[in-house]
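One structure is given below, encoded as structure tokens.
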Amino acid sequence: MTVAELAHVFEDWAPKWSAWERDNVGIQMGDLGKSVRTILLTLDMTESVAQEAVARKVDLIVSHHPLLYRPLATVTAQEPTGRIVLALAKKEIAVYSAHTNLDFTTEGVSFTLARVLDLQHIRFLAPLRSTLAKIVVFVPEPHVERVTAAMAAAGAGIIGEYSSCSFQSLGTGTFLGSDRTHPFVGKPGTLEQADEIRLEMAVPRAKTEYVVRAMKSVHPYEEVAYDIYHLENENPNFGMGALGDLPRPTSLKSFLALTSKRLHAPSLRYAGSLNKKIQRVALCGGSGSDLLAAARNQGADVLLTADVRYHTFHEADEQIALIDAGHWETEYPVLETIAARLRGYATLRREPLTVLFSKTNTNPVRSFCFDGRR
Ligand SMILES: [Zn+2]
């Protein structure tokens, strides 16, 4: 399979439109038509990772943090990003990055973290808002099934775990065609009435044009009447952080021990009483301290995230405990999810694909204990 096909697989799961506006996700460099047999997974694109990719003869690197974040004015061997680009270009190694789009999708960074900690009833902590539209189209009854199917296939009608969601109501459409028209029903110059179905389907805003094109391609009318509404609703399919429940309540002390063990996090910073009862857990892989209020509003007993500032620890109180388990530690588990997805896709396609995990430890943060154990 090619770099472009793999990008498509990724973006079906974590669409680019769902990423932060200023993020730079997707293909970072490489030939889209290049065939891929070996992929290297990493959180970060460092020079060591680039050297490893060359040594292990991979075709594509998939990184979480983008290789190119700010526009590059120059590509030279005199600075690190330039050296990475030059080394990879020489060996025709492509780079694909899935960053905030992977944070905001189901089974992405935070859902994976929730699964690692055995949480149940996993859902988004703060679903994205204002990312949905509704398309309303008026269709003659015998054609409604075909139009609905075409819109669904293009990505309309997905609400949580449900697909092909639509609402249909019967009404009467009227129209008067000029003498230059070729109406599907009736004659030009005559006021016509037709039984029509008002078909409504929700769609991600970014897919509106694509769905409208799919709808028009099977709609029988010469001039299709349709409306597009922007919705302010929460989008149940995309959001920030995750919320879930432990199978049974435990103490903050036991939850810290579980977190440390499962995330291989040698030291955890936290605020809260060690005896505090923990059952509902809010979490966000990477920098998620902005979600403290959302976590509290959702009744979480603890927020587990990274990059927590001193004053944010102060904001945690008796109602909610706060844990900083490290940026790298809270994001690393998603690489397993990526590997499983890519391997599953290759198996489905019956194509050979080797997915490797980078052996380079890209975490620049080390822990120091005075007794010298680390
Ligand atoms: Zn990150």
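Do any GluC sites (Glu not before Pro) in segment 271-374 lie in a loop, going by DSSP, with at most 14 other beta-carbon atoms within 10 Å of their beta carbon, and if so which?
In loop regions of segment 271-374 (DSSP not H, G, I, E or B), the sparsely surrounded GluC sites (Glu not before Pro) are Glu318.
To the nearest 0.05, what FRET efficiency results for Arg366 and Glu232 with a Förster distance of 56 Å applied to their C-beta separation? Walk me through the numbers before you get to the answer.
Numbers: r = 45 Å, r/R0 = 0.81.
After rounding, the FRET efficiency stands at 0.80.
At 0.36 nm per residue, and after removing the present C-alpha to C-alpha distance, how many nm does the segment from Glu47 to Ser163 gain when stretched out fully?
37.5 nm
Would you mind checking the tilt of helix 144-153 against the longest principal axis of the Cα atoms of the chain, expressed as 0 to 90 degrees and rounded to 10?
20
Rounded to the nearest 0.05, what FRET efficiency do Val224 and Arg22 have when you use their Cβ-Cβ distance and R0 = 41 Å?
The value I calculate is 0.70.
Can you grab the distance from the C-alpha centre of segment 307-374 to the C-alpha centre of segment 244-274, Å, no decimals?
So the two Cα centres are separated by 15 Å.
Do any GluC sites (Glu not before Pro) in segment 210-246 lie in a loop, going by DSSP, with at most 14 other beta-carbon atoms within 10 Å of their beta carbon, and if so which?
Counting only loop positions with at most 14 other Cβ atoms within 10 Å, the GluC sites (Glu not before Pro) in segment 210-246 are Glu222, Glu223, Glu232.
On a C-alpha basis, how far is the centre of segment 27-62 from the centre of segment 97-172 in Å? Whole number, if you could?
Value for the Cα centre distance between the two parts: 31 Å.
So which GluC sites (Glu not before Pro) in segment 2-34 pass both tests, a DSSP loop state and at most 15 other Cβ atoms within 10 Å of the Cβ?
Loop-located and lightly packed - Glu21.
May I ask for the angle, rounded to the nearest 10°, between helix 3-13 and the longest principal axis of the chain, with both axes built from Cα atoms and the value confined to 0 to 90°?
Helix 3-13 sits roughly 80 degrees off the main axis of the chain.
Can you tell me the dipole magnitude for the chain around its Cα centre, using point charges on the Cβ only (Lys, Arg +1; Asp, Glu -1), in Debye to the nearest 20?
1380
Just rank Ser287, Ser217, Ser358, Ser110, fewest to most, by other beta-carbon atoms within 10 angstrom.
If I rank by nearby Cβ atoms, fewest first, I get Ser217, Ser287, Ser358, Ser110.
Taking every DSSP beta bridge with both residues inside the chain, roughly what % is antiparallel (nearest 5)?
About 70 percent, rounded to the nearest 5.
Residues of segment 188-219 with the amide nitrogen closer than 11 Å to a label point 7 Å from the Cα of Arg146, along Cα-to-Cβ, please.
217-219
Please figure out what share of the DSSP beta bridges in segment 177-321 is antiparallel and state it in percent, rounded to the nearest 5.
Rounded to the nearest five, the antiparallel share is 55 percent.
Straight-line reach from Lys90: which lysines fall under 24 Å, measuring Cα to Cα and dropping same-chain residues less than 8 apart?
Straight-distance partners of Lys90: Lys34, Lys57, Lys359.
For helix 334-349, report the angle its Cα long axis makes with the longest principal axis of the Cα atoms of the chain; keep it between 0 and 90° and round to the nearest 10°.
Computed tilt is about 50 degrees.
Going by how many other beta carbons lie within 10 Å of each one, how would you line up Cys369, Cys284, Cys165, fewest first?
The most exposed by this proxy come first: Cys369, Cys165, Cys284.
No lab work stands behind these numbers, since they all come straight from the coordinates. Since the model is a prediction, treat every value here as computed from it, not as a measurement. A quick note on method: Cβ atoms are made from the backbone with ideal geometry, for glycine too, and the neighbour counts reach across all protein chains shown.
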